1. For segment B:101-128, how many residues meet the condition of being outside any helix (DSSP H, G or I) and acidic (Asp, Glu)?
2. Going by the conditions given, is residue A:98 at the interface with chain B (Cβ under 7 Å from one of its Cβ atoms), open to solvent by less than 10 Å² (accessible area, probe 1.4 Å) and part of a strand (DSSP E or B)?
3. Can you tell me which of A:249, A:320, A:327, A:293 is within 19 Å of the chain's Cα centre (by Cα), within 14 Å of another protein chain (Cβ to nearest Cβ) and small (Gly, Ala, Ser)?
4. Among the numbered criteria (1) at pLDDT 95 or above; (2) touching a helix residue (DSSP H, G or I) at 6+ places or on another chain (Cβ under 7 Å); (3) part of a loop (DSSP other than H, G, I, E, B); (4) surrounded by fewer than 18 Cβ atoms within 10 Å (Cβ to Cβ), which single criterion is violated by residue A:223?
5. Do you know which of the residues in segment A:329-360 that are assigned to a strand (DSSP E or B) and in contact with a Gly (Cβ under 9 Å, 6 or more places away or on another chain) is farthest from residue A:240 (Cα to Cα)?
6. If I go through segment B:116-175 residue by residue, how many of them are farther than 18 Å from residue A:33 by Cα, within 7 Å of another protein chain (Cβ to nearest Cβ) and over 23 Å from the mean Cα position of the chain (by Cα)?
7. Condition first: surrounded by fewer than 23 Cβ atoms within 10 Å (Cβ to Cβ) and of a type in the set (A, V, I, L, M). Now tell me which residues in segment B:201-215 satisfy that.
8. Give segment B:166-200 a look and list any residue that's in contact with a helix residue (DSSP H, G or I) (Cβ under 9 Å, 6 or more places away or on another chain), open to solvent by less than 40 Å² (accessible area, probe 1.4 Å) and within 10 Å of residue B:303 (Cβ to Cβ), or say none.
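The values are calculated or read from the model by the stated rules, or taken from the named source; none is laboratory data. Bear in mind the structure is a predicted one, so any value in this text is a computation, not a measurement. Don't worry about glycine lacking a Cβ; one is built from the backbone with ideal geometry, like all the others, and counts go over all protein chains shown. Ligands, DNA and RNA are stripped out before the accessible areas are found, and what is left, the full protein with its side chains, is counted by its heavy atoms. Shrake-Rupley method; radii C 1.70, N 1.55, O 1.52, S 1.80 Å.
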Number of protein chains: 2
Amino acid sequence: MIYSADIFCIMQNSITLAHGAGGVIMQRLIKENMLARFSGKKFEVPLEALDDAGVVDGTVFTTDSYTVKPIFFAGGDIGRLSIAGTVNDISVMGGDPIALSCGFVIEEGFALEDLDRILQSMAETCEQAGVSVVTGDTKVVEKGALDKIIINTSGIGRRSKELERNLQVVRQFRSDFQASWLLDSNVRAGDKIIISGTIGDHGTAIMSARGAYGFETDVKSDVAPLNRMIKGALEVGGVVSAKDPTRGGLANLLNEWSEKSRIGILIKEDRIPVKENVKSALGFLGMDALEVGNEGKVCFAVVPEKAEAVLQALRATPEGRDASMMGQATDEFDVVALETGIGGKRIVSQPAGDPIPRIC
Amino acid sequence: MIYSADIFCIMQNSITLAHGAGGVIMQRLIKENMLARFSGKKFEVPLEALDDAGVVDGTVFTTDSYTVKPIFFAGGDIGRLSIAGTVNDISVMGGDPIALSCGFVIEEGFALEDLDRILQSMAETCEQAGVSVVTGDTKVVEKGALDKIIINTSGIGRRSKELERNLQVVRQFRSDFQASWLLDSNVRAGDKIIISGTIGDHGTAIMSARGAYGFETDVKSDVAPLNRMIKGALEVGGVVSAKDPTRGGLANLLNEWSEKSRIGILIKEDRIPVKENVKSALGFLGMDALEVGNEGKVCFAVVPEKAEAVLQALRATPEGRDASMMGQATDEFDVVALETGIGGKRIVSQPAGDPIPRIC
């Protein structure tokens, strides 16, 4: 682990890497310094929900600034990441992404050839996701004032007919279901938890690209736009929540569900898909795959009656072929617990932050 | 002038400050490297319009990344700028800003006290503009990888009843008027050009805060959200286009109108309000107030029959008290021309870029 709550206490008067690492420390900064100031108008899904996107009068709206280092890595680059990440944040709410904005901040002296490569990658990812850029901004700062390039992509989306259909199916099995979006607070006891594929690929590829292991790995990032895969799951119906395990990984995601839905979650270690090369690379650094960020995976909570059908629909897609039903929500306890291969149980805590800085 | 097209030619294989400075060189980068790749779905106001915002199914959508240096300056700070700038970009399209996103990228070690001061300023500016933040993102990069802090704010807005009313008034006087937003391409011969107040304040305040003049000035930035002032003008009606003269100043704005509307624009030097302290500070550095960026001004093109009424409505507001009818559109030529105090005329070219880097 690179940072811990201790470091935070020591350095409490300044910003640490952990403040941007998607875990407990970031949540604290947001809750204590931002929420009170910005809570304003009543929105359909407000800032206070701290979900993957906000919703205003039926429009899903989300933003992400991408600072990944290095900007090119096995399986992707900052351009692909910037499109996929924002498309996915809209999609996991149940939204259909319709338009993106791109804000570039570039260091003086950055090679035009590299910018072109990034733009091309963004364009290809837009094409793959079926979204377009409708507005943009370009700023340049003097040499030394920025490490190469930062891209912000924000995005807007609308309700899809697949979401409507999905919610109808949910209500067939859960008559008291009120939510009109796939919120973190929607999970109930008995819901099955499905992960759409192997975890840890992205963070491991980033570490490998930095030469962190002292040897090369063949691990590739999973970065991909997942809106079509998610739509496929919604067509089956019964999905109550969906979320992508980015910074802080699956450990952070499940703890957010647990906290916001006030529910326990039990997952089984041997049902969590991790590639062998990822396992050994992370083992080398003593990192927990559960805490490492992903950029091409979604975790679904599904009413039990439809879980198997959703699983099969996911497995029929290229992005979801390794999907696994890895656990379920329970009211027997109110934390996230992992059942190990030999039958023991341990609590999966919310990480202080993703162990790998600047993965997205 | 800090940069010129010559520098661009020499350094054409890498990004220069001019690529982000809002002038000819930035436009070229956008047109040659970005537009072809990102033109996709047919939107109501697409990326290709290169206007202040895009429009998708009635939703105005815009983005800006703020890199201003220094982050605190007389009259404002990066927080106020980040809210006002995005609110204004929505408003000059005729949109009513309803929700913003905030993406922070912060350098490790940044003082929490400074972050709090920025957040408080953002909150106060939101309050002043009557908008709220609905979604956000926080990233931290290691010390040395960024000069303090960058804020991206994107925003969405909707058609306002004031815009509808305004367009009805326009059509009373111009029966062939088709546009449903206040586009750069809407200006026609005879339209009066109104500037809402003094120019050059913001850029001059930024230069002063950097100690660029070698002496202190009492120039304050004009940074302010202008949505209420713009609504006031639309209530009168007759506004065909509105735009805020930010990077590249009034010279860039008028050239964009001239190019996109295929029209000439004649402005009178003695009708352009410039504060005395701004005039002397810019004179000291040999800078042209027309090319210096503003963050609290709007330029309106108005049908002649309503121009005086719009001017009076602007002057009745605190932000528009120095408003001036400074010129008009003409089909006698197709460039931007300035009539000097002694009656001579000179062409106002589109600047290569704003002469002051990192003003927003």
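1. Total satisfying the criteria: 2.
2. Values: at the interface with chain B (Cβ under 7 Å from one of its Cβ atoms): yes; open to solvent by less than 10 Å² (accessible area, probe 1.4 Å): no; part of a strand (DSSP E or B): yes.
No, not satisfied.
3. Values: A:249 fails: within 14 Å of another protein chain (Cβ to nearest Cβ); A:320 fails: within 14 Å of another protein chain (Cβ to nearest Cβ); A:327 fails: within 14 Å of another protein chain (Cβ to nearest Cβ).
Every option except A:293 fails the conditions.
4. (4)
5. Among those residues, the one meeting the criterion is A:339.
6. The number of residues fulfilling the criteria is 5.
7. B:209, B:212
8. Passing the criteria: B:169, B:170, B:177, B:190, B:191.
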